[in-house]
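The structure under discussion appears below in the form of structure tokens.
The values are calculated or read from the model by the stated rules, or taken from the named source; none is laboratory data. Values in this document were obtained by computation on a predicted structure and should not be read as measured data. No Cβ is skipped: glycine too gets one built from the backbone with ideal geometry, and neighbour counts run over all protein chains shown. Surface accessibility is based on the protein's heavy atoms, side chains included, excluding ligands, DNA and RNA. Shrake-Rupley method; radii C 1.70, N 1.55, O 1.52, S 1.80 Å.
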Amino acid sequence: MNIKKVFEEGNEVKLLITGTNIALINAIRRTAMSEVPVLAIEDLAIHRNDSVLFDEYIGARLGLLPLKTDLKTYKLGDKVKLVLKEKGPKMVLSSDIKCSDPSVEVVNKEVPIVKLRDNEEIFIEMQAEANIGKEHVKWQPALVAYNEMPKLEGKVSEREAKEVIKSCPKKILEFKAGKIIIEKPYECDLCGYCEIASKGKLKLVPSNNSFIFTIETYGGLTNQEILEKSVEVLEAKCKEFESEIKGKIK
Amino acid sequence: MIIPVRCFSCGKVIGDLYYKFAEEVQKGRDPKEVLDELGIKRYCCRRMLLSHVELIDEVIKYKV
């Protein structure tokens, strides 16, 4: 297997993974999304809420905030306390949430929670818990997706190639050494305009052993941490299977 | 009422972008341009900001 980073922007990373199969890639995708623990607010005690939003409404909003998590200190089921105490008039932002552990903080600092009028007060004690995406989406650490690497098969003359390159709506084709190459395969959405423009001489085929793997973290963990942890979780599951199956079938 | 914290479909946090977006659009800029600038690529996230109606300032007046 060979992994190459082909694109990086903000929280998003695209990897080109060659020499593997769809089963493994999908197993990693699924564990990354639903089995990697991350912190999210779970329980809350609302001592005071004078605002126009209901307690449940505020609770749901707080739960969805991604929290920066250190996986070395927070294992599955670990808890940490947070407090939100504000007085109006003001727009209460996610950065107003104080945590007892300074390493834990809200990722997006300017998410509005609730608006308070003169003399309105809000006082909420919260408990964040490390849990997995299978339990609730708020514990999903990232968006993960893959698609098969597209390849153009067949031959065309230089004149035809010009037509084909012009037909691509994303402008990602190039003519190199008598062949048409997809210059940025991660941008190709398999629209098939190149096939039509070549009048059947070219064929757009998805590869069965190379993939473009996209991971976009919500910020609680880094992309690197998520992938490493998902492999760890997958390994532990396989080990468990191995120890359970030993000696069961003769 | 108030901008949702996350996109309903993909889960990207978009709550912190709404006021920047609204301010720029208020100045008369093209929403498409502003959304691109904020780095919102998917149309699920784009509709969250485009179709939002901020009502909390209306409701807040009537609290006892």
So what is the accessible area of the range B:15-62 per residue, in Å², with the probe set to 1.4 Å?
-> 64
Average partner chain C-beta neighbours within 10 Å, per residue of B:1-7?
-> 6
Cβ-based charge dipole, the range B:15-62, positive-most Cα from B:Tyr43, B:Val59, B:Ala22 | B:Tyr43
With a point put 7 Å past each Cα toward its Cβ, work out how far A:Ile249 is from B:Val53 in nm, to one decimal.
-> 6.1
Amide H proximity to A:Phe7 below 5 Å, modelled H, separation 5+ or other chain, gives A:Lys14
Give, rounded to the nearest 20 debye, the magnitude of the charge dipole that the range A:17-77 has about its Cα centre when Lys and Arg contribute +1 at Cβ and Asp and Glu contribute -1 at Cβ.
-> 380
Length gained, A:Phe7-A:Lys237, 0.36 nm per residue minus C-alpha separation, equals 79.7 nm
Distance between Cα centroids, the range A:180-250 to the range A:138-165: provide it in whole Å.
-> 14
The ³J(HN,Hα) series, computed from each phi in the range A:207-222 with the Karplus coefficients 6.51, -1.76 and 1.60 at θ = phi - 60°, rounded to the nearest Hz and given as x for glycine or proline, is 6, 9, 10, 10, 9, 9, 9, 10, 10, 10, 6, 7, x, x, 10, 7
Result row for chain A, helices from DSSP H with C-alpha axial extent 15 Å or more and mean Kyte hydropathy at least -0.5, is A:22-34
Between A:Ser100 and A:Ile22, what FRET efficiency follows from the Cβ-Cβ distance if R0 is 41 Å, with the result rounded to 0.05?
-> 0.40
With r defined as the distance between the Cβ atoms of B:Ser9 and B:Arg29 and R0 fixed at 30 Å, what FRET efficiency is calculated, to the nearest 0.05?
-> 0.75
For the range A:37-156: Kirkwood Rh in Å [reciprocal of mean 1/r, alpha carbons] | 15.9
Simple spin-label estimate for A:Lys179 and A:Glu135 in nanometres, 7 Å along Cα-Cβ = 5.0
Out of A:Pro206, A:Leu76, A:Leu143, whose Cα points farthest toward the positive end of the dipole of chain A (charges: +1 Lys, Arg; -1 Asp, Glu; placed on Cβ)?
-> A:Pro206
Enumerate the amide H contacts of A:Leu93 below 5 Å, restricted to partners 5 or more residues apart or on another chain; note that Pro and chain-start residues carry no placed amide H.
-> A:Ile113
Expressed in nm to one decimal, what extension gain is obtained for the pair A:Leu76 and A:Glu121 from 0.36 nm per residue of sequence separation less their Cα-Cα distance?
-> 12.8 nm
Residue by residue through the range A:182-188, which ³J(HN,Hα) values in whole Hz follow from phi under the Karplus form 6.51 cos²θ - 1.76 cosθ + 1.60 (θ = phi - 60°), with glycine and proline marked x?
-> 7, 5, 10, x, 6, 9, 5
What are the extents of the Cα atoms of the range B:15-62 along their three principal axes, listed from largest to smallest and rounded to whole Å?
-> 37, 23, 16
Which whole-number percent is the relative contact order of the range A:38-138 (Cα, under 8 Å, 6+ apart)?
-> 44
Magnitude of the charge dipole, chain A, Cβ model with Lys/Arg +1 and Asp/Glu -1, debye to 20 = 1200
